[in-house]
Amino acid sequence: MKGCLAGHPFLLFQKPCYQGVFFISGLFISFSVLLHPKIHYSSLIFNKMLSVQGLGLHHSGNYLFQNTNFTIKKDDKVGLVGKNGAGKSTLLKMLSGEINFYEGAVVREGGATIGFLKQDLDFVKGRTVWAETMQAFEQINAWKNELEEVNHQMAVRTDYESDAYTDLINKMTELNDLLMNHDAYNLEGDMEKVLFGLGFKADDFQKITDEFSGGWRMRIELAKLLLQKNDIMLLDEPTNHLDMESIIWLENFLKDYPGAIVLVSHDKQFMTAVCNRTFDINNKKVDDYKANYSKYLIMREERREKLIGAKKNQDAEIKQMEDNINKFRASATKASFAQSLIKKLDKIERIEVDNEDVSKFNIRFVQSMVPGKVIFEAEHLGKAYGKKQIFDDVDFIVQRGDRIALLGQNGQGKTTLAKILAGEIKDYSGTWNLGHNVNIGYFAQNQEEVLTPNKTVLEEAEDAATEETRPRVRDLLGSFLFQGEAVSKKTKVLSGGERNRLALCKLLLRPFNTLIMDEPTNHLDIQSKEIIKLALQNFQGTLIVISHDREFLDGLCDKIYEFRDGRMKEFLGSVGEYLEYRQKETLREISAEKAKLHSEDIKVEVKPAPKEVKVEEKSTIVSKEQKNIQNKLKKVEEKISELETEIEKMEDTFTQENPSEETLEKYNKTKEELEVALQEWEHLGSQLV
């Protein structure tokens, strides 16, 4: 009967229905649940949002934010932009509740949930990657436990007409609504998708988190946040610990994310792809642009031109007032008028216009002597740390003028190769030779190791300069945003971005013909990245650079060295062309990982074959229905074997040549057929006694 739960004829409510599931005595049953007017369906609120009203934050009388107002709605993907120190990360902490000593209010409307990617990891030692990731579903697991208890009560009680039993039905409905809305019955599939997307392999799932580096542990934390599906997600530089493939996967994931996102990132391409709204933090306020990052840049430039015009008018007005003050302050009869002008002048809010044109810096690397044609030549090069082989049997020749990007997952050996070529690592296998007259400039990823803590910024730069470049030190420091008193700061108090800028400045003060740069854009704001990219584009020597920033590498490198599975492969072409190739390869690899994971599950779950029985006994032991199931099972097993063989053959061809779109479509269709067959196999197997 319409509006009834199967097997419960007493439920004859004439209420609107909502699709759901429930458990009775261990059975998983689909049904249409009844929307009860007393139930609070928090998950069905469609316009959850966050409101910021009169927000202000100050320290020692200086405001970082003042009288800031904005609203974030459900589908907003907001990018926070602004110079380093403008308050982007601080604003995220205020929205999350981590900072609560501020003026004004941050209001979560509709009971919106907020997730914040924290930098401090608090993992339980000895827990596997899979078990740690499962911690994302703490609330869902609690709902499941509560639902199990409710279902148990409904199964054992017989007081169907009582108010208490009605309350149980209502509670079951509410819990099922929550679980269905959070897709609680597909958790493992979601976990696989996210972990694979962030670069983990099937073999990693059962490894202890203690075995992984801080960067990989941060990926686990990011995976947990993505899986929680909060209404609002706050992300502070989420791509910092990701390789390029994982960045692209995260980009696509966030574009389709059903909730709101507030994002801080210095990756222009990532911001443009993900965000549909931009908050520009400057001068203690937040300017709201209803546009993605690329469109925001155009709108901001238009606004900037208007500001320049307004500033000219204001400057003229201020000069006129200052002239009148100087003119009348000495006159006894006009002194009071001069004082009123002074007060008026003090109240004027000065218009500030940031100078964002990086082309004016025109900074260049000092070119040294011209080297020989061959810069580096390596044969069978390898490096291991203890028993762990990072890479092996690597051959390559770097020629004068090459512009090479080293790409690949973290931990595959990019930084290790850079250190070998820079002379930082001496123990390795194989051989490599340095070319004639090669003069290397090396930018290390960890700037704490290359700066002297007690020296000032100016002293550090002057020590790196030659006689020819010493007169340029202050100008060059100014180009890297070290101006005024900033040159007197000790290097030990510099932020990560300031350390990078200073190290880059030092490179520009010495002559080189070969540059090896390991993540030169880490911690740099967008303007600083544009400055260094411009300098590298003007550099006439040989460049080897490690970076996960696609926009930075675009137009900078024309050759790729890809590090993967202990090997290095050369790819001729742009970063964009390489990524198209890698996307197809990644699709194949993830499919292979899933197949491997599921085949291992089958091996674990498969039941032992029933013991042989005599023919005359079969009729009494095996029912007709079971015989049919066994026959179906045999056919499905044959089909699985055929599909796996077909997939194996296609994967073998993928290693020889890039697959066409038609081949990929056939491959994916075959994988889907295999998935369906595996599910049918499991279903049939569960019916055997």
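The values are calculated or read from the model by the stated rules, or taken from the named source; none is laboratory data. Not measured: the values here are computed from a predicted model. In this analysis, Cβ positions are derived from the backbone assuming ideal geometry, glycine residues included, and neighbour counts consider all displayed protein chains. Ligands, DNA and RNA are excluded from the accessible area calculation, which covers all protein heavy atoms including side chains. Shrake-Rupley method; radii C 1.70, N 1.55, O 1.52, S 1.80 Å.
Structure notes:
- Those strands (runs of 3 or more DSSP E) of segment 510-582 in which at least 2 residues are touching an Asp or Glu at 6+ places or on another chain (Cβ under 7 Å) and of a type outside the set (A, V, I, L, M), considering only elements entirely within it, cover 559-564, 567-572.
- A residue that is open to solvent by less than 30 Å² (accessible area, probe 1.4 Å), modelled with pLDDT of 80 or more and at negative phi can be found somewhere in segment 337-350.
Per-residue answers, yes or no, for (1) more than 19 Å from PHE205 (Cα to Cα); (2) open to solvent by 70 Å² or more (accessible area, probe 1.4 Å); (3) of a type in the set (Asp, Glu):
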position: VAL124; (1), (2), (3): no, yes, no
position: ASN141; (1), (2), (3): yes, no, no
position: GLU148; (1), (2), (3): yes, yes, yes
position: TYR160; (1), (2), (3): yes, yes, no
position: ASP167; (1), (2), (3): yes, yes, yes
position: ASN176; (1), (2), (3): yes, no, no
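- Every condition in (1) part of a helix (DSSP H, G or I); (2) over 26 Å from LEU57 (Cβ atoms); (3) open to solvent by less than 60 Å² (accessible area, probe 1.4 Å) holds for ALA291 except the one numbered (1).
- Residue within segment 151-166 that is in a helix (DSSP H, G or I) and within 30 Å of GLY197 (Cβ to Cβ) present: no
- Of all residues in segment 492-524, those satisfying the criterion of being in contact with a Pro (Cβ under 8 Å, 6 or more places away or on another chain) and more than 30 Å from HIS436 (Cβ to Cβ) are LYS492, ASN500.
- Within segment 304-318, residues that are assigned by the TED database to the domain that holds GLU352 have Cβ atoms under 7 Å from residues that are open to solvent by less than 70 Å² (accessible area, probe 1.4 Å) and assigned to a helix (DSSP H, G or I) in these pairs: ILE318/LEU345, counting only partners at least 6 apart in sequence or on another chain.
- Here GLY104 meets the list (1) surrounded by fewer than 15 Cβ atoms within 10 Å (Cβ to Cβ); (2) more than 22 Å from the chain's Cα centre (by Cα); (3) farther than 17 Å from LYS207 by Cα; (4) small (Gly, Ala, Ser) almost entirely, failing just condition (1).
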